[in-house]
Amino acid sequence: MRFGIVVFPGTWSDTDCYHAVTEVLNQDAQYIWHQESNIRDIDCLVLPGGFSYGDYLRTGAIARFSPVMSAIKKFANDGGLVIGICNGFQILCEAQLLPGVLIRNDDLRFRCEWTNLKIENNGTKFTSRASQKELIKVPISHGEGNYYADSKTIDTLNNNGQVVFRYCSPSGQIDAESNPNGSIENIAGIVNDQGNVMGMMPHPERCCEEIIGGTDGRIIFESMIDSVP
């Protein structure tokens, strides 16, 4: 499988993603600079974490106007696999490839810690290696990870199985105490209605090796690899 890792000015998780997919998972990958207007010979696009364009105006607001975004939209609309991680999730929402918005954490603090996630839908191209309601541990690192959408959008996401991950306790309870940023209904990741574009705030690329604390992130990457013939 060939990954394309999109790099904007201010992106900094690009090398983490590259290491995870090439050195750990033995897949091919290439960096795609934000000024690219064509995407070729790629099976999956990764929009990594970071602070694209310094997070000026708001997270992802300027990145959505980068030349590469037109190519990303076409790639996604043609059924290509896209994952946005942290800032990548914010960019996908700003570009309206995913519904909702990511706003300031409710405690107004930058949160960098391990979180527990419950997999709410294992029938996606990003979670097929998991069991339904399986619990995984994935770290977060963000100041604006508070997912919000209006009630109609939330109802649609829930009814269509588009909520992929929720923050939970170590025992799987979905409650306020296990919500690190105030996200509505503890939402940590969602997928579009076609099922080929996913955004998540936690960083799966940072938990693919035991030496750095865990390997649960591999479930996500290996699921994506499985989805491409």
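The values are calculated or read from the model by the stated rules, or taken from the named source; none is laboratory data. Because the structure is predicted, anything quoted here is derived from the model rather than measured. Here the Cβ is made from the backbone with ideal geometry for all residues, glycine too, and neighbour counts use every protein chain on show.
Could we say that Ile83 is closer than 27 Å to Ile136 by Cα and assigned to a strand (DSSP E or B) here? When the stated conditions are applied, Ile83 passes them. Restricting attention to the stretch 1-24 and to residues that are crowded, with 21+ Cβ neighbours inside 10 Å and of a type in the set (Phe, Trp, Tyr), the residue that is nearest to Val68 (Cα to Cα) turns out to be Phe8.
All conditions but one from (1) hydroxyl-bearing (Ser, Thr, Tyr); (2) surrounded by fewer than 23 Cβ atoms within 10 Å (Cβ to Cβ); (3) assigned to a loop (DSSP other than H, G, I, E, B) apply to Thr127; the one that does not is (2).
If you check Asn105 against the conditions, is it in a loop (DSSP other than H, G, I, E, B), at pLDDT 95 or above and touching a Pro at 6+ places or on another chain (Cβ under 9 Å)? Taking the combined requirement at face value, the residue satisfies it. Step by step: first the residues of the stretch 141-190, then only those that are among the aromatic types (Phe, Trp, Tyr) and surrounded by 20 or more Cβ atoms within 10 Å (Cβ to Cβ), then the one that is farthest from Thr124 (Cα to Cα). Which residue is that? Here the answer is Tyr147. Scanning the stretch 191-215 for residues that are surrounded by fewer than 21 Cβ atoms within 10 Å (Cβ to Cβ), in contact with a Pro (Cβ under 9 Å, 6 or more places away or on another chain) and under 14 Å from Thr115 (Cα atoms) gives Gly213, Gly214.
Condition test on Ile85, is it aliphatic (A, V, I, L, M), farther than 22 Å from Ile187 by Cβ and at pLDDT 95 or above? For Ile85, the condition - aliphatic (A, V, I, L, M), farther than 22 Å from Ile187 by Cβ and at pLDDT 95 or above - is not met. Would the stretch 76-90 turn up any residue that is surrounded by fewer than 21 Cβ atoms within 10 Å (Cβ to Cβ), over 16 Å from the mean Cα position of the chain (by Cα) and in contact (Cβ under 8 Å) with a residue 12 or more places away in the chain? Yes: one or more hits.
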